[in-house]
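The structure under discussion appears below in the form of structure tokens.
The values are calculated or read from the model by the stated rules, or taken from the named source; none is laboratory data. These numbers were taken from a predicted model, which means no experiment stands behind them. Neighbour counts are summed over all protein chains in view; Cβ atoms, including those assigned to glycine, are modelled from backbone coordinates with ideal geometry. Heavy atoms of the whole protein, side chains included, go into the accessibility calculation; ligands, DNA and RNA do not. Shrake-Rupley method; radii C 1.70, N 1.55, O 1.52, S 1.80 Å.
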Amino acid sequence: MSDEAVEMLTSYGFPGNVRELENIIERAVILEKTSHIRPDSLPQTIKLFQVETIDPNRIKNLDEISKDYADKVLEYCEGNKSKAAELLGISRTSLWRILGNK
């Protein structure tokens, strides 16, 4: 397994417990065309589910968290600031301020 695939699996909560892990590994082995299971071989649900941990040496303030989230929404909207602002429920001006005049 690639390091990235292992990392994705270890950060997943496995609501289905061991049976779910077993099914995921079996599916990945069947679908993978190379000698290593890669993240692309894993189900979409695992790719989307990521646990964010807190590094005690680097706790973000609310402004930083807001900016990170706004950046992700803007990326999702492919750079369309009007759409991103609409999804966030704020004005374009507010988005502009959050992004640091980007």
Accessible surface, the chain, averaged per residue in Å² (probe 1.4 Å)
78
With only alpha-carbon atoms in the gyration tensor, what are the semi-axes of the equivalent ellipsoid for segment 56-102, in Å, largest first?
20, 11, 8
A correct Karplus calculation of ³J(HN,Hα) over segment 80-88, with 6.51 cos²θ - 1.76 cosθ + 1.60, θ = phi - 60°, whole Hz and x for Gly and Pro, returns 7, 5, 5, 5, 4, 4, 4, 4, 7
Compute the Rg/Rh shape ratio of the chain: radius of gyration over Kirkwood radius, all on alpha-carbon atoms.
1.12
In segment 19-36, which residues have a backbone nitrogen under 17 Å from the label point lying 7 Å from Glu4's Cα in the Cα-to-Cβ direction?
28-29, 32-36
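Using a probe of 1.4 angstrom, how much of the accessible area of the chain is carbon and sulfur, in percent? Numbers along the way, then the final one.
Values: 4200 of 8000 Å².
About 52 percent, which is the carbon plus sulfur part of the accessible surface.
If Tyr12, Tyr69 are ordered by their accessible area, calculated over protein heavy atoms with a 1.4 Å probe, which sequence runs from highest to lowest? Don't skip to the end; give the middle numbers.
On the way: Tyr12 30, Tyr69 135 Å².
Accessible-area ranking of Tyr12, Tyr69, largest first: Tyr69, Tyr12.
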